[in-house]
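The values are calculated or read from the model by the stated rules, or taken from the named source; none is laboratory data. Keep in mind that this is a model prediction, so the values were computed, not measured. Here Cβ is always computed from backbone atoms with ideal geometry, including for glycine, and neighbour counts include all displayed protein chains. Accessible surface areas use protein heavy atoms only, side chains included; no ligands, DNA or RNA. Shrake-Rupley method; radii C 1.70, N 1.55, O 1.52, S 1.80 Å.
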Amino acid sequence: MVDIYNILDSLSELVYVSDITTHKIIYMNTAGKKAFGDCVGKPCYEVLRNENGVCSHCREDNITEKEFSAHMRINTLTGKTYIIRNKIIQWDNKKAMLEVVFDITEEEKRKHDLERRLHMEHFIVSCIIEMHKNKKFEESFKSLMNMVGNFLEADRIYVFNYNGITMSNTHEWCRDNVKPEKDSLQNLDVHIIDRWLPHFNEGRCVIVEDVKMIKDTSPEEYNILKRQEIKRLVAAPLENSGELIGFIGIDNPPKEKLIESELFFTTLGYFIASMLIKNSNEKRLIEMSYIDTLTGLYNRNKYIRDTVSMSGEQESGFGVLYMDLNGLKEINDTSGHDAGDRAIREIADIISKVFGKKHSYRVGGDEFVVLCPGIGEKDFLSDIDEINTCLQNTEYRAAVGYQYEKNPNDINKLVHSADEKMYLDKKHFYRNRKESTRYRFRNDTFRSISTPDLIKNLINEERFVIWFQPRFSVATGELSGSEALIRFFDEDDIIVSPLDFLPEMEFNETIHLIDFYVFRHVCEYIAGWLKDDKDVKPVSVNMSHQTMMKPNFIENIMNIWYDYNIPKEFIIIEVSEEQENGGVSNVVEVLTDLKKRGFKIAIDNFGSKYADLYLFADLKFDILKLDGDMVYKIETDKKAHILSTSIAQICHDENIRIVAGGVESETELDVLRSMGCDEVQGYLFDKPMSWNLFEKKYL
């Protein structure tokens with residue numbers, strides 16, 4: 001027996017022997033004594049489990065002398081999990097119960113942790129799938145927070161944005177019968193979470209296991225949490241490029257869920273932050289896309305949306321005012337763009353004074369529209385009289401057209417009628433100012449090239465030529481590409497600006513002939529340069545909206561391309577953002593098709609009239625070109641600079657290159673460089689030139 005004792009005492013497992021009848025311990029090895037003390041002579045169920053009666057497994061009939069039986073049990077005294085193997089043996093010539101106890105607590109913990117982690121990972125995948133479903137952001141994020149709240153058994157899930165000065169609760173989910181707190185948690189001073197910031201800055205979560213523990217050390221934090229009936233919480237940082245932008249928190253999860261909450265947010269925080277950043281960018285784009293930065297009035301984007309929404313309303317009485325500032329080009333030419341901007345702002349101020357801003361829009365460079373739903377004719381005409389009176393008391397002149405209907409059926413027809421009347425008023429103004437060339441492109445000379453046959457003849461006579469303007473990298477100063485520009489030589493071989501003949505072609509729907517002509521010859525030039533091993537850079541080709549809306553546009557483009565089969569990386573299709581009806585929204589599908597076929601897409605003339613970026617959520621374009629007027633303004637106009645810088649940051653986040661046109665000074669270049677512009681073109685670098693001069697100089 002001495003040898004047996006020595007063997008059992010050397011084991012790390014707990015071993016004891018108890019009387020099979022009385023259940024009193026008659027032997028316990030050294031490991032058992034360390035755990036429970038010297039308890040020989042006491043009932044095993046009392047010592048080992050603090051129970052008053054025989055354990056159920058000792059009453060089982062399957063315990064025999066032949067082999068060990070086994071069962072698992074969590075010991076309430078030690079808090080550990082054991083595998084117990086027992087059998088009946090002969091001990092000092094008496095039947096006794098031998099039990100060998102194996103501590104599997106750590107194995108069970110690891111198993112539980114693994115199962116918990118797998119369960120968490122499956123849930124996180126479900127959350128990511130939910131975030132990327134084709135839903136509107138608010139709907140998707142609300143669904144996500146509901147999933148998380150129920151999974152973590154929380155009272156509240158919430159998101160705060162953080163700007164370094166204040167923080168506000170922007171999103172909230174509450175369990176049934178839990179009071180919402182979002183409205184009372186706006187514009188809070190960030191010093192409230194001073195204790196949290198070191199954790200957040202290191203990418204770690206803040207865990208408050210018991211809010212009572214911070215009552216003395218952080219009384220302000222305690223009072224805010226106590227007021228919201230928060231007993232415990234977990235808060236995790238949300239970052240954008242390493243910068244803290246907010247945090248997401250969970251109130252009152254069960255204590256055993258605290259660690260799960262930390263694991264969840266640590267893992268999912270990146271995706272949640274990305275989702276919030278994307279939504280924030282889209283809101284910024286929409287906001288910028290609705291407000292005209294120069295005047296503070298709504299812009300064409302908002303005008304288009306409002307006319308669509310108003311079309312479904314049947315309000316009695318509807319008036320439309322259409323105004324156009326006369327002589328803006330002359331003001332800009334003689335007194336500078338700042339004077340032109342002042343004139344535009346003064347007209348906008350007059351409109352705001354008379355009609356307010358609710359339905360007042362700057363729809364073009366010098367054009368304004370006011371919509372007046374639900375107004376009586378007498379009141380509307382009184383407002384028109386007041387506008388005319390105000391205009392007489394200012395140094396500027398504007399063409400005014402208006403239309404009123406008591407029972408309107410078509411708002412667009414009302415606007416068109418007001419526009420026609422405005423145009424008649426404007427013609428009267430310019431007819432009495434012979435020195436003005438404002439409407440030069442509408443004279444007989446340019447009407448002579450307005451039919452398809454005449455244009456084809458002029459093309460054959462090589463009266464239309466393609467020039468190239470080089471584009472340069474801001475970072476390196478090297479050639480990065482060029483833009484193909486159309487020029488026209490009249491009967492006296494004098495170059496005519498495209499501003500003087502393209503509008504007439506658009507008016508007569510013949511612009512597609514020039515667009516396809518330029519595209520074909522650019523493909524031909526590129527093919528020749530590649531054949532001669534020239535250092536070819538991408539060439540931008542402008543396409544009008546009217547051309548792109550032709551039924552066979554894609555087919556025609558592809559047929560031309562097939563004739564030359566050049567790498568599509570050398571072709572950039574440019575479409576102007578400065579479209580009178582709908583920005584780029586009316587050609588998004590066409591541009592998307594071109595993008596899928598491998599062509600690069602550029603949005604041209606951004607900022608010339610309005611900012612249509614919010615429409616580009618469905619269009620993956622490659623390049624955004626700032627309009628020359630905006631480039632001119634960013635040096636001195638604070639609003640234009642802020643707008644341009646914001647746009648540059650958003651585009652860089654989306655891997656969109658920024659190109660500035662019309663750069664004329666080193667100062668402008670420095671400003672563009674500081675705001676993150678990628679490429680530039682303009683007279684500071686070089687003027688447009690013939691294709692052979694361009695080839696000789698740059699290729």
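I'd like to verify something in the chain: which complete DSSP H helices, judged by Cα projection on the helix axis, reach 20 Å or more and average at least 0.5 on the Kyte-Doolittle scale?
Within the chain the helices that satisfy the rule are 511-531.
Hey, what do the phi angles of region 246-257 turn into as Karplus ³J(HN,Hα) couplings, whole Hz, using 6.51/-1.76/1.60 and θ = phi - 60°, x for Gly and Pro?
For region 246-257, the Karplus curve yields x, 8, 10, x, 9, 9, 6, x, x, 4, 5, 9 Hz.
Count the net charge of all other residues whose Cβ sits under 10 Å from the Cβ of SER18, scoring Lys and Arg as +1 and Asp and Glu as -1.
0
Which whole-number percentage describes the relative contact order of region 103-211, with Cα contacts under 8 Å and a sequence gap of 6 or more?
Relative contact order comes out at 14 percent.
Rounded, prolate or oblate, given the Cα gyration tensor of region 360-410, with a/c below 1.5 counting as rounded? If you can, show how the numbers build up before the last one.
Working: a/c = 2.83, a/b = 1.43, b/c = 1.98.
Verdict is oblate for region 360-410.
Using a cut-off of 17 Å between alpha-carbon atoms, which lysines can reach LYS639, once sequence neighbours fewer than 8 places away in the same chain are excluded?
Partners found: LYS609.
Can you list residues from other chains, or at least 5 along the same chain, whose modelled amide H is less than 5 Å from the amide H of ILE245?
Those lying under 5 Å, H to H, from ILE245 are LEU238, GLU239, ASN240.
By a straight-distance test (C-alpha under 23 Å), which lysines pair with LYS531 as possible cross-link partners, with residues fewer than eight away in the same chain excluded?
LYS568, LYS600, LYS696, LYS697
Given the C-alpha atoms of region 465-566, compute the convex hull and give its volume per residue in Å³. If you can, show how the numbers build up before the last one.
On the way: hull volume 13.6 nm³, N = 102.
In region 465-566, the Cα convex hull volume per residue is 134 Å³.
Using the structure shown, select from LYS329/LYS357; LYS136/LYS358; LYS329/LYS550 the pairs with a Cα to Cα distance greater than 29 angstrom.
Going by Cα-Cα distance, LYS329/LYS550 fall outside the 29 Å limit.
For region 127-233, how big is the tail of P(r) above 17 Å, as a whole percent of Cα pairs?
61
At most 16 other Cβ atoms within 10 Å and a DSSP loop assignment: could you name the GluC sites (Glu not before Pro) in region 456-507 that fit?
Numbers: sites: GLU461, GLU462, GLU478, GLU483, GLU491, GLU504, GLU506; in loops: GLU461, GLU462, GLU478, GLU491.
Answer by residue number: GLU461, GLU462, GLU478, GLU491.
Quick check on the chain: what does the Kirkwood estimate of hydrodynamic radius come out to from the alpha carbon pairs, in Å?
It is 32.3 Å.
Give the carbon-plus-sulfur fraction of the accessible surface of the chain in %, rounded to a whole number; probe 1.4 Å, heavy atoms of protein chains only. It would help to have the intermediate numbers written out before the result.
Working: 17260 of 35860 Å².
Accessible surface attributable to carbon and sulfur in the chain totals 48 percent.
Over the chain, what is the mean sequence separation of C-alpha contacts under 8 Å (at least six apart), divided by residue count, expressed as relative contact order in percent?
Relative contact order here is 7 percent.
Among DSSP beta bridges lying fully in the chain, give the percent that are antiparallel, nearest 5.
Expressed as a percentage, antiparallel bridges in the chain total about 80.
Pull up the cross-link candidates among the lysines for LYS215, meaning alpha carbon to alpha carbon under 24 Å and not fewer than 8 places away within one chain.
LYS179, LYS182, LYS226, LYS231, LYS255, LYS257
For region 71-198, take the alpha-carbon Rg, divide it by the Kirkwood Rh, and send me Rg/Rh.
Values: Rg = 25.5 Å, Rh = 19.8 Å.
So for region 71-198, dividing Rg by the Kirkwood Rh gives 1.29.
Helix-only estimate, please: 222 nm mean residue ellipticity of the chain, summing -39500 (n - 2.57) across DSSP H runs of length 4 or more and dividing by its residues, to the nearest 500.
-13000 deg cm²/dmol
With +1 on the Cβ of every Lys and Arg and -1 on the Cβ of every Asp and Glu, and nothing else charged, how large is the dipole of region 616-655 about its Cα centre, in debye rounded to the nearest 20? Before the final figure, lay out the partial values.
Numbers: 5 positive and 8 negative charges, 28 e Å.
With Lys and Arg at +1 and Asp and Glu at -1, about 140 debye.
Based solely on C-alpha atoms, express the radius of gyration and the Dmax of region 244-390 in angstrom.
Expressed in Å, the Cα Rg and Dmax of region 244-390 come to 23.9, 76.
Using Cα-Cα distances under 8 Å and only pairs 6 or more residues apart, what relative contact order does region 187-243 have, in percent?
The value is 39 percent.
How much of the pair distance distribution for region 299-385 lies past 23 Å, counting alpha-carbon pairs only, in percent?
Cα-Cα pairs of region 299-385 separated by over 23 Å account for 30 percent.
Can you list which of the GluC sites (Glu not before Pro) found in region 356-421 are DSSP loop residues with at most 16 other C-beta atoms within 10 Å?
Filter output for region 356-421: GLU395.
Rounded to whole Hz and in sequence order, give me ³J(HN,Hα) for region 30-45 from the Karplus expression 6.51 cos²θ - 1.76 cosθ + 1.60, θ = phi - 60°, writing x for Gly and Pro.
Taking θ as phi minus 60°, the curve returns 4, 4, x, 5, 5, 7, 10, x, 7, 10, 4, x, 9, x, 4, 5 Hz for region 30-45.
Could you pull the accessible area for GLU229 with a 1.4 Å probe, rounded to 10 Å²?
Looks like 140 Å² after rounding.
Write out the GluC sites (Glu not before Pro) in region 639-676 meeting two conditions: DSSP loop, and at most 16 other Cβ atoms within 10 Å of their Cβ.
Loop-located and lightly packed - GLU654, GLU664.
With θ set to phi - 60° and the Karplus curve 6.51 cos²θ - 1.76 cosθ + 1.60, what are the ³J(HN,Hα) couplings of region 537-546 in order, to the nearest whole Hz, using x for Gly and Pro?
Rounded to whole hertz, the list is 10, x, 10, 8, 10, 7, 10, 6, 4, 4.
Using Cα centres only, tell me the gap between region 244-322 and region 73-114 in whole Å.
One Cα centre to the other: 59 Å.
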